[in-house]
Amino acid sequence: MKILERTFVETFYLTGMIILIGLILGVLRNNSIKNFQRSFGSNAVMITGFIGVPIHELSHAIFAVLFGHKITKIKLLQKPDENGVMGYVQHGYNQNSIYQQIGNFFIGIAPIFGGVFSIIALMKFIIPRAYNSFINILFRSLHITVLNKSIIEGIINSYLGLIKVIFSLKNFENPYFYVFLFISICISSHISLSSADIKGASRGLCVIFIILLILNALNLTKYILAIDLIKYNILITGFLMISVILSTITFLVSLILTSIK
């Protein structure tokens, strides 16, 4: 029984924050799209979709290739069908390959990472000061060895500071900053996971759980240190915070546009 409980805890430590942030992004995305459609009509989703959807689908495709899956069909952008689908990646894999089965989880959540990488790349070239602040936050998180109230407050203050850097008056004087905002809103509007993404990721998550269960039964997970799990979670959370910040901004922009209309 203890082995089963430990496996649930370790699976949560490894994937829980990614899943939680994915759910938060989903709520923000759905409400943002609804607000945009109230403001600009049912085709408003295409305004953000022509940038956001191809990045979403390419993220799936890249991770599919990395995990040895065979892509059978890909559609980077289309008008929403009756189910609201604007793009897709169909892929097959060897069900006897544990590596490829685990890949289902990462292929499913790939748009979150693909979207974040794209936004960070934009930051580097358009608002390098904000990019440097973000990288410094990530590096500082590598030195955290314990979580307590002061550490958590420090992390929160770091990201509040990052928001101030991104939306500094100096940036608003830079015309390219508005390009960054527009593209980031497009990406953030389509960074969350669809029901098909979640279904695919869940298959990989089950395999990860089974592997951890076997490792626990063999007493091999004793070599995984608690401090390493803390650093991993802080690092992955910090990386994904960019998507939460910009998705929240996208939602607020959609609210403002709705109120104006």
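The values are calculated or read from the model by the stated rules, or taken from the named source; none is laboratory data. Note that the structure is predicted; figures quoted are calculated from it, not measured. Please note: Cβ atoms are built from the backbone with ideal geometry, for glycine as well, and neighbour counts cover all protein chains shown. Please note that ligands, DNA and RNA were not included when accessible areas were found on the heavy atoms of the full protein model with its side chains. Shrake-Rupley method; radii C 1.70, N 1.55, O 1.52, S 1.80 Å.
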| Close pairs from region 116-131: first within 13 Å of Asn171 (Cα to Cα) and open to solvent by less than 20 Å² (accessible area, probe 1.4 Å), partner among the polar types (S, T, N, Q) and in a helix (DSSP H, G or I), Cβ under 7 Å, at least 6 apart | Ile127/Asn171
| query | Hey, Met46 hits all of (1) within 30 Å of Leu181 (Cβ to Cβ); (2) in contact (Cβ under 8 Å) with a residue 60 or more places away in the chain; (3) not in a loop (DSSP other than H, G, I, E, B) but one; which does it fall short on? | reply | (2)
| query | Looking at region 212-261, which of its residues are open to solvent by less than 60 Å² (accessible area, probe 1.4 Å), at pLDDT 80 or above and farther than 28 Å from Ile191 by Cβ? | reply | Leu213
| message | Quick check on region 37-55. Is at least one of its residues more than 22 Å from Ile242 (Cα to Cα), out of contact with any Asp or Glu (no Cβ under 9 Å at 6 or more places or on another chain) and of a type in the set (D, E, K, R)? | response | yes
| query | Of everything in region 24-51 that's surrounded by 21 or more Cβ atoms within 10 Å (Cβ to Cβ) and polar (S, T, N, Q), which residue is farthest from Leu193 (Cα to Cα)? | reply | Asn35
| request: May I ask you to list the residues in region 205-217 that are more than 18 Å from Gly26 (Cβ to Cβ) and in contact (Cβ under 8 Å) with a residue 40 or more places away in the chain? | output: Val207, Ile208, Phe209, Ile211, Leu212, Leu213, Asn216, Ala217
| Got at least one residue in region 16-28 being modelled with pLDDT of 90 or more and either in contact with a helix residue (DSSP H, G or I) (Cβ under 9 Å, 6 or more places away or on another chain) or within 19 Å of Cys206 (Cα to Cα) (or both)? | no
| field | Members of region 70-90 that are among the charged types (D, E, K, R) and open to solvent by less than 60 Å² (accessible area, probe 1.4 Å) | value | Asp81
| note | Out of (1) touching a strand residue (DSSP E or B) at 6+ places or on another chain (Cβ under 8 Å); (2) at pLDDT 90 or above, the one Leu58 does not meet is (1)
| said: Against the definition (in a helix (DSSP H, G or I) and open to solvent by 80 Å² or more (accessible area, probe 1.4 Å)), how does Val65 come out, yes or no? | reply: yes
| query | Would you say Pro54 is open to solvent by less than 30 Å² (accessible area, probe 1.4 Å) and either in contact (Cβ under 8 Å) with a residue 24 or more places away in the chain or of a type in the set (Phe, Trp, Tyr) (or both)? | reply | yes
